[in-house]
Amino acid sequence: MSTVLYTAVATASGREGRAVSSDGLLDVTLAPPKTLGGTGEGTNPEQLFAAGYAACFSSALGEVARRTKLDVSHAAVTAEVGLVQGEDRAFGLTVTLRVELPDELQGEQGRALVEAAHQVCPYSNATRGNIPVELVVE
């Protein structure tokens, strides 16, 4: 049985409006991007997902690196989240995670580290089999 370590709570009023966390630390205006016909004068769910995934994956990378005594303090993770529409008109997401590693962690060792982080990251575990996720080591 799993133990819940933390529960985040947020309320949103749609793609145009606001999203607010229960503690008030997150309070953002939501608006569709201009490329989707919106004003672009706020953030959108895809940006929020990208920020959360990048932060979570970076943390997982750090955890895996600590276990193997590697230094990833200068690594950076960028998440690119795409909103897609299938032939059935249903909407979905795609993700590309770009992981910038220090020069000494390039090659097979770096790729293995990123793959191990992908097995540990809660976002990766939640999306596995539901969203295509591409891992790019830079």
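Looking at residue 49, is it touching a Phe, Trp or Tyr at 6+ places or on another chain (Cβ under 8 Å), in contact (Cβ under 8 Å) with a residue 24 or more places away in the chain and of a type outside the set (S, T, N, Q)? No; evaluated as a whole, the condition is false for this residue. Of the candidates 35, 39, the single residue that is assigned to a helix (DSSP H, G or I) and at pLDDT below 95 is 35. Among the criteria (1) over 17 Å from residue 134 (Cβ atoms); (2) aliphatic (A, V, I, L, M); (3) surrounded by 13 or more Cβ atoms within 10 Å (Cβ to Cβ), the one residue 25 does not fulfil is (3). Could we say that residue 113 is under 24 Å from residue 7 (Cβ atoms), among the hydrophobic types (A, V, I, L, M, F, W, C) and not in a strand (DSSP E or B) here? For residue 113, the condition - under 24 Å from residue 7 (Cβ atoms), among the hydrophobic types (A, V, I, L, M, F, W, C) and not in a strand (DSSP E or B) - is not met.
Exactly one residue among 55, 60, 65, 50 is surrounded by fewer than 19 Cβ atoms within 10 Å (Cβ to Cβ), in a helix (DSSP H, G or I), at negative phi and hydrophobic (A, V, I, L, M, F, W, C), and that residue is 55.
Which ones in region 85-99 are farther than 12 Å from residue 57 by Cβ and either part of a helix (DSSP H, G or I) or of a type outside the set (S, T, N, Q) (or both)? Across region 85-99, the qualifying residues are 86, 87, 88, 89, 90, 91, 92, 93. Residue 82 satisfies every condition listed in (1) over 19 Å from residue 47 (Cβ atoms); (2) surrounded by 12 or more Cβ atoms within 10 Å (Cβ to Cβ) except (1).
Against the test of being of a type outside the set (Asp, Glu), more than 25 Å from residue 118 (Cβ to Cβ) and touching a strand residue (DSSP E or B) at 6+ places or on another chain (Cβ under 8 Å), the options 25, 36, 61 yield a single qualifying residue, 36.
The values are calculated or read from the model by the stated rules, or taken from the named source; none is laboratory data. Here the structure is a predicted model, which means the values were calculated and not measured. Quick reminder, even Gly has a Cβ in these numbers, built from the backbone with ideal geometry, and neighbours come from all protein chains shown.
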